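Let me begin by presenting the structure, written as structure tokens, before commenting on it.
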Amino acid sequence: MPSWIGQAAHRGILTSRYPRAPATEAEVPMTARAPGPPAAGPLPAAAISVCPVGAIGERAVDQGRCIRCARCLAHGLQPVGPVELTVARAEALVAPPGARDPPAPAPPLASLGRSIHVFLVDVGSCNACNLEVLGIANPLYDAARLGIFFTNSPRHADVLLVVGVPTEEMVEPLRRAYEAMPAPKSVIAIGACPISGGAFRGNPGLRPSLDGLVPVDRFVPGCPPAPIQILDALLTVSGRNRREG
Amino acid sequence: MTRSAWREEPADRFALTPDRALAYVAPEGAFALYNDFAARDSVLATGLAPVPPAEVVAAWRDQGGERRPHRLVPPDTVEGYGTFTFPYGPISMGVPESGRFDVVTYGERVLELTPIGGYKARRTLPSLAGRPLADAALRIERLAGNVAAAHVAAFLAAAESAQGTGVPTRELWTRALAQELQRIYNHVHVLGRIAEAASQNVGSAETHALAEQILRLQGHVFGHRWLFGALLPGGPPRRLDLDGRRALAAALAPRSKEFEELWELFLDSRTFVDRIQGTCPVARELAVRWGAVGPTLRACGVPWDDRLRVPVVPYTDLFLALPHERDGDALARVLVRVQEVRSSFLLLEQLLDRWPADGGAPEEAAPPVAPGRGLGRVEAPSGDLVYDVRARDGRIEAVAARTPSDANWPLFSFGMRDAVFTDFHFAFESFGLVFAETDR
């Protein structure tokens with residue numbers, strides 16, 4: 001008769017070695033990379049016109065607006081690396097290729113050490129980001145090994161993960177959840193929707209971004225972002241990301 | 001304690017016959033178009049659904065609107081000593097999406113549970129008017145991300161039917177393949193969530209690991225973990241190529257074996273089976289009357305599945321098992337999902353094995369229901385999904401949809417009556433309800 005223990009032992013360790021080792025190919029899907037031009041210079045006009053959300057400008061691609069639909073890849077753009085998983089300032093999302101993320105501000109939660117409690121707020125998402133956020137708890141990422149735990153109340157939370165494009169109905173619940181959190185606290189915007197409205201940008205009754213609602217410490221671009229990007233952002237706000245020093 | 005009687009009223013005019021069981025999905029039927037309240041009233045009047053007093057329906061309709069938070073089932077009145085309404089949501093980690101549940105209780109027992117939607121309405125469907133088909137499809141797949149393949153497939157089928165466009169055989173096979181993959185993901189995810197709620201920690205970890213592997217597989221073969229961009233019209237940017245099919249075929253067998261072993265262990269766990277057996281039962285009469293769909297309906301002993309009853313290529317050419325159970329409780333819904341995972345693995349095997357050659361005459365679209373207006377129906381992971389699209393010259397004029405969540409909210413609400421608070425998660429997850437599908 002099979003048993004849980006026997007089966008698990010037979011399979012071996014599934015868990016990612018990130019952040020002790022760089023993220024593997026399987027952990028960083030192609031959609032985690034923003035499209036960009038292969039060489040410096042103005043971006044091809046065909047790519048600009050084909051973008052359904054107006055993310056491609058003459059000089060640079062707005063990673064925060066890009067919904068990773070891959071249409072521009074047929075018109076001269078390609079997924080660029082190295083993967084800049086998350087950024088601290090919204091301006092960095094529109095940086096031209098080759099520019100570095102500006103020097104990171106002090107991590108807001110460095111004083112909390114190795115115990116970070118996380119609360120998820122959906123202000124109008126399609127459910128994919130929600131599931132990617134829950135995904136960091138599965139054994140392949142195992143956020144608990146890094147001291148990251150989900151909590152059921154904003155009063156116990158250090159980090160607010162916001163997914164979705166803010167609807168008028170969720171503005172007040174979001175504000176209340178943020179105010180209920182004890183200091184120090186941090187907010188991470190997950191996916192194109194809270195950063196720029198994503199695919200829903202311009203629909204009536206929606207806010208274009210989290211601007212003016214809650215202060216955001218970290219932006220995680222993507223539609224939806226991969227769990228490894230979300231882990232990266234959580235480690236960064238708690239001052240434990242090697243890449244950030 | 002008093003309760004308004006209209007829901008309990010036994011009425012033999014609602015007796016189950018095949019015609020009646022399915023009438024609610026007729027093209028001009030009411031439930032096909034959730035937002036079309038006039039049409040809904042006409043079906044309520046036919047006697048296929050219970051008839052709440054006119055003023056109840058009117059009140060429900062008035063607060064509907066597109067955006068403001070509104071009830072997803074008609075209101076009932078439960079009164080009695082010590083009862084109060086306990087609001088759960090709109091933000092809670094127990095349900096990762098935003099939506100509220102108003103629980104009428106006097107302590108532990110749930111007398112009435114009313115789901116309230118509308119908090120995250122993004123007004124997607126109205127915003128599609130005037131857009132080219134491909135741009136609209138891009139937004140449809142972001143309507144409910146975890147069931148994107150089913151939504152795009154239904155939307156495209158409706159648009160093609162409206163415009164009379166033929167579809168290459170291969171494209172239809174790709175749609176079926178994407179849908180079956182996503183069905184496996186969703187069912188496995190639901191099982192993982194239920195195991196989590198039952199504190200089956202090892203089992204839920206293993207199940208969530210399997211779900212993540214399926215997501216990675218989707219990302220590998222289609223270029224996107226949630227299949228966005230895999231089924232768009234006119235040469236999708238993310239294609240399924242030969243390498244992808246080979247990778248898929250190689251990866252599926254071990255995943256299928258993993259799932260079998262996992263499930264055997266779950267059935268061995270008496271605490272797990274005990275916990276979900278008898279939880280949130282849905283009576284067959286209620287399911288039929290209110291137009292339940294998908295695993296919720298099949299768990300009540302009604303073997304209806306769009307893949308068999310509204311067959312399209314390639315399902316006409318494939319062997320497909322149609323699992324159903326009798327008891328209508330959370331265990332029955334879980335068992336149906338488990339068997340569907342098996343059946344989807346089998347379908348994927350057949351699809352990959354008999355992949356059609358390129359070229360050949362395109363398959364004809366279904367005839368339009370009216371000039372420039374088509375219906376598309378697919379069996380989404382949680383049930384029958386209907387899209388009603390008006391399109392002309394490659395542009396969308398109007399889109400309406402009836403999603404499985406729309407159909408199943410009332411059954412969840414009825415099943416939760418006389419349950420206790422701790423039943424909530426087992427019940428909620430077993431229906432596979434998604435607020436994003438209702439708040440569009």
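Here is a list of conditions, (1) touching a Leu at 6+ places or on another chain (Cβ under 7 Å); (2) more than 8 Å from chain A (Cβ to nearest Cβ); (3) among the basic types (Lys, Arg), and B:ARG225 meets all of them except one; can you say which number that is?
(2)
Would you confirm, using the coordinates I've provided, whether B:LEU265 is farther than 27 Å from A:THR24 by Cβ, within 8 Å of another protein chain (Cβ to nearest Cβ) and in contact (Cβ under 8 Å) with a residue 24 or more places away in the chain?
Working: farther than 27 Å from A:THR24 by Cβ: yes; within 8 Å of another protein chain (Cβ to nearest Cβ): yes; in contact (Cβ under 8 Å) with a residue 24 or more places away in the chain: yes.
Against the criterion (farther than 27 Å from A:THR24 by Cβ, within 8 Å of another protein chain (Cβ to nearest Cβ) and in contact (Cβ under 8 Å) with a residue 24 or more places away in the chain), B:LEU265 qualifies.
Of everything in segment A:188-212 that's aliphatic (A, V, I, L, M) and within 14 Å of chain B (Cβ to nearest Cβ), which residue is nearest to A:GLN63 (Cα to Cα)? Even if it seems obvious, please write down each step before you answer.
At the first step, the residues of segment A:188-212 found to be aliphatic (A, V, I, L, M) are A:188-190, A:192, A:195, A:199, A:206, A:210.
Those still in the list that are within 14 Å of chain B (Cβ to nearest Cβ) too: A:190, A:192, A:199, A:206.
Numbers: A:ILE190: 12, A:ALA192: 8, A:ALA199: 13, A:LEU206: 20 Å.
Per the stated criteria, the residue is A:ALA192.
Give segment B:275-290 a look and list any residue that's of a type outside the set (A, V, I, L, M, F, W, C) and closer than 17 Å to B:GLU325 by Cα, or say none.
At the first step, the residues of segment B:275-290 found to be of a type outside the set (A, V, I, L, M, F, W, C) are B:275, B:277-279, B:281, B:284-285, B:289.
Correct list: B:GLN277, B:GLY278, B:THR279, B:PRO281, B:ARG284, B:GLU285.
State all residues of segment B:201-224 that are open to solvent by less than 10 Å² (accessible area, probe 1.4 Å) and without any contact (Cβ under 8 Å) to a residue 12 or more places away in the chain; if no residue qualifies, say none.
Within segment B:201-224, B:ALA209, B:GLU212 meet the criteria.
Could you check segment B:200-232 and list, in sequence order, the residues that are assigned to a loop (DSSP other than H, G, I, E, B) and either in contact with a Phe, Trp or Tyr (Cβ under 9 Å, 6 or more places away or on another chain) or within 24 Å of B:THR169 (Cα to Cα) (or both)?
From segment B:200-232, those assigned to a loop (DSSP other than H, G, I, E, B) are B:200, B:223-232; that's our starting set.
Matches in segment B:200-232: B:GLN200, B:GLY223, B:HIS224, B:TRP226, B:LEU227, B:PHE228, B:GLY229, B:ALA230, B:LEU231, B:LEU232.
Could you look through segment B:125-146, keep only residues that are touching a strand residue (DSSP E or B) at 6+ places or on another chain (Cβ under 7 Å) and open to solvent by less than 10 Å² (accessible area, probe 1.4 Å), and pick out the one that is modelled with the lowest pLDDT? Give the derivation first.
Our first condition is that a residue be touching a strand residue (DSSP E or B) at 6+ places or on another chain (Cβ under 7 Å); within segment B:125-146, this holds for B:125, B:128-133, B:136.
Restricting the remaining residues to those that are open to solvent by less than 10 Å² (accessible area, probe 1.4 Å) gives B:128, B:136.
Values: B:LEU128: 91, B:ALA136: 94.
Ranking the qualifying residues of segment B:125-146, first place goes to B:LEU128.
Restricting the search to segment B:118-138, which residues are outside any helix (DSSP H, G or I) and either facing chain A (nearest Cβ under 8 Å) or over 19 Å from B:GLY234 (Cα atoms) (or both)? Let's see the steps before the verdict.
First, the residues of segment B:118-138 that are outside any helix (DSSP H, G or I): B:118-125, B:129-132.
Listed by number, the residues that qualify are B:GLY118, B:TYR119, B:LYS120, B:ALA121, B:ARG122, B:ARG123, B:THR124, B:LEU125, B:ALA129.
Please give the number of the condition B:THR279 fails out of (1) of a type outside the set (Lys, Arg); (2) assigned to a loop (DSSP other than H, G, I, E, B); (3) over 29 Å from B:LEU331 (Cα atoms); (4) open to solvent by less than 20 Å² (accessible area, probe 1.4 Å).
Tallying (1) of a type outside the set (Lys, Arg); (2) assigned to a loop (DSSP other than H, G, I, E, B); (3) over 29 Å from B:LEU331 (Cα atoms); (4) open to solvent by less than 20 Å² (accessible area, probe 1.4 Å), B:THR279 fails exactly one: (3).
Scan segment A:1-35 for residues that are small (Gly, Ala, Ser), without any contact (Cβ under 8 Å) to a residue 24 or more places away in the chain and under 23 Å from A:GLY147 (Cβ atoms) and jot them down.
Listed by number, the residues that qualify are A:ALA8, A:ALA21.
As an exercise: evaluate A:CYS126 against (1) more than 7 Å from every other protein chain (Cβ to nearest Cβ); (2) closer than 22 Å to A:PRO204 by Cα; (3) not aromatic (Phe, Trp, Tyr) and give the number of the one condition it does not meet.
A:CYS126 satisfies every listed condition except (1).
Just a yes or no: is a residue in segment B:161-183 touching a Gly at 6+ places or on another chain (Cβ under 9 Å), under 24 Å from B:LYS257 (Cβ atoms) and in a helix (DSSP H, G or I)?
Taking every residue of segment B:161-183 in turn, none turns out to be touching a Gly at 6+ places or on another chain (Cβ under 9 Å), under 24 Å from B:LYS257 (Cβ atoms) and in a helix (DSSP H, G or I).
If you take the residues of segment A:23-41 that are among the small types (Gly, Ala, Ser) and within 14 Å of chain B (Cβ to nearest Cβ), which of them is surrounded by the most Cβ atoms within 10 Å (Cβ to Cβ)?
So in segment A:23-41, the residues among the small types (Gly, Ala, Ser) come out as A:23, A:26, A:32, A:34, A:36, A:39-41.
Restricting the remaining residues to those that are within 14 Å of chain B (Cβ to nearest Cβ) gives A:23, A:26, A:32.
On the way: A:ALA23: 19, A:ALA26: 14, A:ALA32: 25.
Per the stated criteria, the residue is A:ALA32.
Looking at the structure I just gave you, is B:LEU231 in contact with a Lys or Arg (Cβ under 6 Å, 6 or more places away or on another chain) and either of a type in the set (Ser, Thr, Tyr) or more than 12 Å from chain A (Cβ to nearest Cβ) (or both)? Write out each step before concluding.
Values: in contact with a Lys or Arg (Cβ under 6 Å, 6 or more places away or on another chain): yes; either of a type in the set (Ser, Thr, Tyr) or more than 12 Å from chain A (Cβ to nearest Cβ) (or both): yes.
In short, yes.
On the phi > 0 side of the Ramachandran plot, outside any helix (DSSP H, G or I) and open to solvent by 10 Å² or more (accessible area, probe 1.4 Å): does that describe B:GLY235? Don't jump to the end; show me each part of the working.
Working: on the phi > 0 side of the Ramachandran plot: yes; outside any helix (DSSP H, G or I): yes; open to solvent by 10 Å² or more (accessible area, probe 1.4 Å): yes.
Yes; evaluated as a whole, the condition is true for this residue.
Among the strands (runs of 3 or more DSSP E) lying completely within segment A:104-212, list those that include at least 2 residues that are β-branched (Val, Ile, Thr) and either touching a strand residue (DSSP E or B) at 6+ places or on another chain (Cβ under 9 Å) or open to solvent by 50 Å² or more (accessible area, probe 1.4 Å) (or both). Outline the logic, then answer.
Values: elements: A:116-122, A:148-150, A:159-163, A:186-190.
The qualifying strands (runs of 3 or more DSSP E) are A:116-122, A:159-163, A:186-190.
Do you know which residues across segment A:1-18 are more than 8 Å from chain B (Cβ to nearest Cβ) and modelled with pLDDT of 85 or more?
A:ILE13, A:THR15, A:SER16, A:ARG17, A:TYR18
Has segment B:97-116 got at least one residue that is in contact with a Lys or Arg (Cβ under 7 Å, 6 or more places away or on another chain), on the phi > 0 side of the Ramachandran plot and open to solvent by 30 Å² or more (accessible area, probe 1.4 Å)?
Scanning segment B:97-116, I find no residue that is in contact with a Lys or Arg (Cβ under 7 Å, 6 or more places away or on another chain), on the phi > 0 side of the Ramachandran plot and open to solvent by 30 Å² or more (accessible area, probe 1.4 Å), so the answer is no.
The values are calculated or read from the model by the stated rules, or taken from the named source; none is laboratory data. Since this is a predicted model, take the numbers as computed values, not measurements. Because the Cβ atoms are built from the backbone with ideal geometry, glycine has one as well, and the counts that use them run over all protein chains shown. Only protein heavy atoms, including side chains, enter the accessible area calculation; ligands, DNA and RNA are left aside. Shrake-Rupley method; radii C 1.70, N 1.55, O 1.52, S 1.80 Å.
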